[in-house]
Structures are given as structure tokens and as C-alpha cells.
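The values are calculated or read from the model by the stated rules, or taken from the named source; none is laboratory data. All values reported here derive from a predicted model rather than from experimental measurement. Positions of Cβ are generated from backbone atoms using ideal geometry, with glycine treated the same way; all protein chains shown enter the neighbour counts. SASA here: full protein model, heavy atoms, side chains in, ligands and nucleic acids out. Shrake-Rupley method; radii C 1.70, N 1.55, O 1.52, S 1.80 Å.
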Amino acid sequence: MIAQENTPARVGLLELLRDGSQGAQFVVPAYQRNYTWKANKEVKQLLDDIKVVLKGECTKHFIGILIYLERSLNIYQRERSIIDGQQRLTTIFLILYAVKEILLSHEMNEEATLLENQYLVNQHVKTNKHKLKPLVSDDAVYQHIVNRDFDNILDKTSNVFLNFIYIKKTIEDLLVDFNIDEFLDAMNKLYLVCVPIGKDDYPQKIFESINATGAKLTASDLIRNYMLMPIDGEQQDIYYERYWKTIEKLVDSDPKKLESFFRFFIMAKKLTVVNINVVYKSFISWYSENKNL
């Protein structure tokens, strides 16, 4: 494991993916929310940040924090499970795939290969080859983009697809006045503060604390995170598909309706009224008392 001291570090976007991520794969775990960034809102803001640097209006620009739980898979490979920053990181990868597509459309094949090998893939490994493993629900569309299999993207309303198209068009417009190297250089002048953590840092508590601000998580969101976060790697995806998705199919995928389901579930188990504000706390209490039965 590289990040043994769990020391926050300021790093440029491309530097993060090039120098700091050899042999590493960023994984958006199953307990995270869906990719919800919109083209005309958050994605536009990120591209506007790049434009500000590109036009020389500032030399550096801070865009946020990336918190991840890092674990070693073997001597050559590491997994970085994203605790906070998955929306931004997914968008950064979509930007780079849009740049790659533009390079290929201009028959700049060598440059496209260099871009891919430096920032998008771990070229010397067969498993976990791509540097981003997106959320399970976004994976199909994302993989079509990775494989340039655009004709077989069935969900044309996916945020992943719509944002990719918007990003590509925006970059093409910028290339009237700037070149690809200038765009990538400006992109690298945007920086994140990266915070690697270990299991001893209580990632569930960190997740809860981070998400106490902004769009409030429902009790069902927190329950999903609590149950899935301790499970490692691909097993987490299996449990998500086998159990959580089954609950959503039987009840509803709407977090508020699931919250109500868990409220009534706990009331049935405890034979007492549970206030909507303490559903998560009550579930944790019940689970802790019964998990070994």
C-alpha cells in the first residue's frame, strides 16, 4: 500500500492519474449514490474551471477533495474505494475519454494511445486494467464509451452518456482557439486534495460525517452504506445485486419509500413506534443485537 501515512496531498488532475495511480484502480462502490451530475450544471462548472485556467485568468484552481479507502490487492495492484468525490472523479474520466475520442477523430492515433496508457489504463495488468470502475448502475454505458461502442448504448438518457456528449462538444468548441496540449495542461492545473484512509479510520463514520452536509442522505441510503461498506471488492457488487437490488424491486428504488419500509420493518421487529428521524439509529441498534443470531 502506497498511502501508509494517510497524509492529505494536493495534486493536479492528470498528475493524480499518471504518477500517483500506477497499478491502482479507483472503484465507485455499490453503496454510493448514482452518478447524478448534470451537463448544464455541475459538469459545466467543472469545464468552466478549466476554461478559466486555459484563458490565463488564474494559474491554479482548487476543485475539491477526494477521499478514498486504499487497500493492496497484491504486490502490483491497489484498489481505491471512493468515500467522497465520486461524481467529480467520474466526470474527470469522461473528460479524458472525450479528449481521446477527439484525438482519434483527427487521426492522432499515437497521441490517443499515449493519453490512454498514461491516464486511463494500467497497461501492464490484465485484471483491473481500467483506472476507474464506475458505479454498478453506470457501468454498462461507461464501458460502451471506454470501448468506443457508441451505437450499442441503449440508455441515451443516462447522465454518463449525456455528459460525455456535452463534454466532447464543449472541448471541440474550445479547440477553435486552443490545442489539445493546452487543454490538458489547463486541466492539470486544477487540483484536488487527496485524503487516503485506512480501515482503522472508520470509513463509515467519515462517510456519514461528509454527507451530513449538502443533499441529506435518507435512512435507507445510510443503511445501504452501513451494510455494504465493510464488504470488499467484487463481493460488494455481488451482494448489492443479489440483496439490495432485490429489496428495491420488491419495495421501490425511491430512497424515501425505502426509508418508510425500513421504519415499518424496525417497528415490526421491535414492536414499538419508531420516529422517522431515528430509523437509521434504530436499525443499527437492532442489527448489532441480532447479527450473530
Fill in: chymotrypsin sites (Phe, Trp or Tyr not before Pro) lying in DSSP loop within region 37-82, provided at most 14 other Cβ fall within 10 Å
76
Response to the item:
So for R0 = 22 Å, FRET eff. of residue 156-residue 129 from the Cβ-Cβ r, to 0.05, ends up at 0.25
Practice prompt. Could you grab the relative contact order for the chain? Cα pairs under 8 Å, six or more apart, rounded to a whole percent.
Written response: 28
Worksheet item: Taking the Cα centre of region 27-101 as the origin, how large is its charge dipole in debye, to the nearest 20, when only Lys and Arg (+1) and Asp and Glu (-1) carry charge on their Cβ atoms?
Response: 60
Fill in: Size of charge dipole - the chain - debye, nearest 20, with Cβ of Lys, Arg +1 and Asp, Glu -1, no other charges
1240
Practice prompt. Choose one of 176, 85, 166: the residue whose Cα lies farthest towards the positive end of the charge dipole of the chain (beta-carbon charges +1 Lys, Arg; -1 Asp, Glu; about the Cα centre).
Written response: 85
Worksheet item: Which value, in Å², gives the accessible area per residue of the chain when a 1.4 Å probe is used on the protein heavy atoms?
Response: 53
Discussion item. Among 267, 132, 59, which residue has its Cα furthest toward the positive end of the charge dipole of the chain, with +1 on Lys/Arg Cβ and -1 on Asp/Glu Cβ?
Written reply: 267
Discussion item. Just to be sure I understand the model, the point goes 7 Å from the Cα along the line to the Cβ. What's the resulting residue 62 to residue 254 distance in nm?
Written reply: 4.0
Worksheet entry | Residue-span extension gain [residue 10 to residue 121] - 0.36 nm each, minus C-alpha spacing | 37.7 nm
Worksheet entry | Check: region 1-156 dipole with +1 on Lys, Arg Cβ and -1 on Asp, Glu Cβ, in debye | 320
Response to the item:
The percentage of the accessible area of the chain (probe 1.4 Å, all protein chains present) made up of carbon and sulfur atoms, to the nearest whole number, is 51
Worksheet item: Quick one: length gained pulling residue 235 to residue 42 fully straight, 0.36 nm per residue minus the C-alpha distance?
Response: 66.3 nm
Practice prompt. Before anything else, pin down the relative contact order of region 45-162: Cα pairs under 8 Å, at least 6 apart, normalised by residue count, whole percent.
Written response: 13
Practice prompt. Go through 256/291; 38/249; 55/131; 256/281; 245/291 and tell me which ones have a Cα-Cα distance over 23 Å in this structure.
Written response: 256/291; 38/249; 55/131
Worksheet item: Could you give the nm distance between label points at residue 277 and residue 34, where each point is 7 Å from its Cα heading toward the beta carbon?
Response: 3.0
Worksheet item: Which whole number in µm²/s is D for the chain by Stokes-Einstein, with the Kirkwood Rh taken over Cα pairs at 4 °C and 1.567 mPa s?
Response: 63
Item to complete: Go ahead and estimate [θ] at 222 nm for the chain from helices alone: -39,500 (n - 2.57) per DSSP H run with n ≥ 4, summed, over the residue count, rounded to 500.
Response: -14000 deg cm²/dmol
Worksheet item: Taking Cα pairs under 8 Å and at least six residues apart, what relative contact order does region 1-99 come out at, in percent?
Response: 34
